[in-house]
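Heads up: the structure comes next, in structure tokens.
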Amino acid sequence: MNRLFHRRFTLGAKCGITLCVLLCCYFFWQKMALPAAVLMVVTVVMVERVIHSTYTFADGELIVDRGRFARRLCIRTGDIVKCTPMRSVFGLSHYLLLQYGAGHLLAVQPEDEKAFVREWQKRLPAEAGAQPDGEP
């Protein structure tokens, strides 16, 4: 059975999108069409990435989909060595840092971090001894 987790819509993402939209409106107001058009494309990519990012556990692998404009990443759940809850500067945002393969790192921001970690642990092969570093 597949389990789908959506990306968390963080305060930083909301502020970044709002700032880009306001700056785009300002550029249009000042009749600077080229910078406004470029900023509009950047804003569309940002919104696309926030809204359509998903993390799916399916058939022994984690599928990370970052929207229509990015390549899909597939990681075997047995290859994930460590899952560490992390906080950014001043604790404003938090995410899970996954270590997999030969030293590869991946930051994920599922809406429900505890359920994500439980699902990963449940899908681990019996011989794998990987455990999360701490409680999210």
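The values are calculated or read from the model by the stated rules, or taken from the named source; none is laboratory data. From a predicted model like this one, the values you see are computed outputs, not experimental measurements. Every residue, glycine as well, gets a Cβ built from its backbone with ideal geometry; the counts of neighbours run over all protein chains shown. Surface accessibility is based on the protein's heavy atoms, side chains included, excluding ligands, DNA and RNA. Shrake-Rupley method; radii C 1.70, N 1.55, O 1.52, S 1.80 Å.
Worth pointing out:
- Taken together, A126, A102, A36 contain a single residue that is of a type in the set (G, A, S) and modelled with pLDDT of 90 or more, which is A36.
- The listed residue being at pLDDT 90 or above, closer than 21 Å to R7 by Cβ, hydroxyl-bearing (S, T, Y) and under 13 Å from the mean Cα position of the chain (by Cα), out of T54, T84, T43: T54
- Per the conditions (1) part of a helix (DSSP H, G or I); (2) open to solvent by 80 Å² or more (accessible area, probe 1.4 Å), the sole criterion not satisfied by F9 is (1).
- Yes/no for A70 being in contact with a Phe, Trp or Tyr (Cβ under 7 Å, 6 or more places away or on another chain), open to solvent by less than 60 Å² (accessible area, probe 1.4 Å) and modelled with pLDDT under 95: no
- Taking region 71-116 as the range and being under 24 Å from V44 (Cα atoms) and touching a helix residue (DSSP H, G or I) at 6+ places or on another chain (Cβ under 7 Å) as the test, the residues that pass are S93, P110.
- Pick from region 80-128, criterion out of contact with any strand residue (DSSP E or B) (no Cβ under 9 Å at 6 or more places or on another chain) and charged (D, E, K, R), ranking: nearest to L62 (Cα to Cα): R118
- Residues of region 80-106 classified as buried (at least 17 other Cβ atoms within 10 Å of the Cβ) and either touching a residue at least 60 places away in the same chain (Cβ under 8 Å) or farther than 26 Å from L11 by Cα (or both), total: 2
- Each residue in region 18-28 was checked for being crowded, with 16+ Cβ neighbours inside 10 Å and either under 16 Å from H94 (Cβ atoms) or in contact with a Ser or Thr (Cβ under 8 Å, 6 or more places away or on another chain) (or both), and 2 pass.
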